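In what follows, a single structure is set out as structure tokens and then discussed.
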Amino acid sequence: MTPLPDDLRLDRRRKAIIAAARELFVEQGYERATLADIVTRAGGSLATVYKLFGNKDQLLEAVVFESAASGEALIREAAAAGLAPVPTLHRIAKGLHEHFLDPDVIALVRIVIARSISDPQFARQFFERTANPTREALEDVFARWQANGVAMDGTPGFLAEMFMGLFVSDLQTQAISHGVGISPLPDRLQERTNFFIAAAGINRLAESPA
């Protein structure tokens, strides 16, 4: 068997370490998971971890920022389907609900919240890579609808911010309370989305924007 080039071998080792670290940070929490635990699960050596990441804090940054994903892609995909605004918003709501309330996402947010106490820049970077692209994609959707004559009460930026709030509040509540006092059920999601649509003044009979 031909040996792998050093750069490819290191890249595979790096991905394995990140995957193992993410699993252990989610399972045990950042503070309890040790580099030795991560090496045991990923294989390799501590020397490789230090070579690739420097220390545990830098490994955490790699895990969070490479795992962090915004809802931008699912919003643009839903908008591109060519449906009318109301069914499009329900489709986006379902996708964002599933995305933000994924248990692994919630676990990562808990880690970010804890880390932000001592490192605000860390939390700021996480926000910029997740919430900002999601909100901007929503704003683009509302702006396009408005430009094509769909009536709505509020600027695209304001409506995007309010719509995001339907999901960010649940995410933060889940992360902090571990689900106490929250019921993220499909009927509840539909009711809140309908409430937003009514408050935004979006015509249910509006045709699909050109």
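The values are calculated or read from the model by the stated rules, or taken from the named source; none is laboratory data. Because the structure is a prediction, the values reported are computed rather than measured. Virtual Cβ from ideal backbone geometry, glycine too; neighbours counted across all protein chains shown. What goes into the accessible areas is simple: the full protein's heavy atoms, side chains included, and nothing from ligands, DNA or RNA. Shrake-Rupley method; radii C 1.70, N 1.55, O 1.52, S 1.80 Å.
Tabulated data
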read-out: Gain upon complete extension [E27, T173; 0.36 nm per residue less C-alpha separation]; value: 50.6 nm
read-out: Fraction of accessible area attributable to carbon and sulfur, the range 16-164 (%, probe 1.4 Å); value: 52 percent
read-out: Per residue accessible area in Å² of the range 69-199, where ligands, DNA and RNA are left out and the probe is 1.4 Å; value: 50 Å²
read-out: Solvent accessible area, Å² - E128, 1.4 Å probe, full protein context; value: 90 Å²
read-out: Amide N of the range 53-95 lying under 20 Å from the label point, which is placed 7 angstrom from the Cα of N203 along Cα→Cβ; value: 82-90
read-out: Estimated vicinal HN-Hα couplings, Hz - the range 7-22 in sequence order (Karplus 6.51, -1.76, 1.60; Gly, Pro = x); value: 5, 5, 4, 5, 5, 5, 5, 4, 5, 5, 5, 4, 4, 5, 5, 4
read-out: Positive-end extreme of charge dipole, the chain - chosen from I106, M162, L24 (charges on Cβ); value: L24
read-out: 0 to 90° range, to nearest 10: angle between helix 56-67 axis and the chain longest Cα axis; value: 40 degrees
read-out: Nearest 10 degrees, 0 to 90: helix 186-200 Cα axis against the chain principal axis; value: 50 degrees
read-out: Surface accessible to a 1.4 Å probe, per residue, for the residues of the range 4-66, Å²; value: 56 Å²
read-out: Dipole of the chain, positive end: most advanced residue of A81, T134, A69 [Cβ charges, Cα centre]; value: A69
read-out: Rg(Cα) / (2.2 N^0.38 Å) computed for the chain, rounded to two decimals; value: 1.23
read-out: In degrees, nearest ten, helix 103-116 long axis to first principal axis of the chain (Cα); value: 70 degrees
read-out: Label-point separation, D6 to R41 (7 Å along Cα→Cβ), nm; value: 3.0 nm
read-out: Accessible area in the full protein assembly, largest first, 1.4 Å probe, for T193, T173; value: T173, T193
read-out: CD proxy at 222 nm, helix term only [per DSSP H run n ≥ 4: -39500 (n - 2.57); per residue of the chain; nearest 500]; value: -24000 deg cm²/dmol
read-out: Accessible surface ranking that places the most exposed of D11, D6 first, with a 1.4 angstrom probe; value: D6, D11
read-out: Rounded FRET efficiency, nearest 0.05, which uses the C-beta distance separating R188 from A151 and R0 of 22 Å; value: 0.25
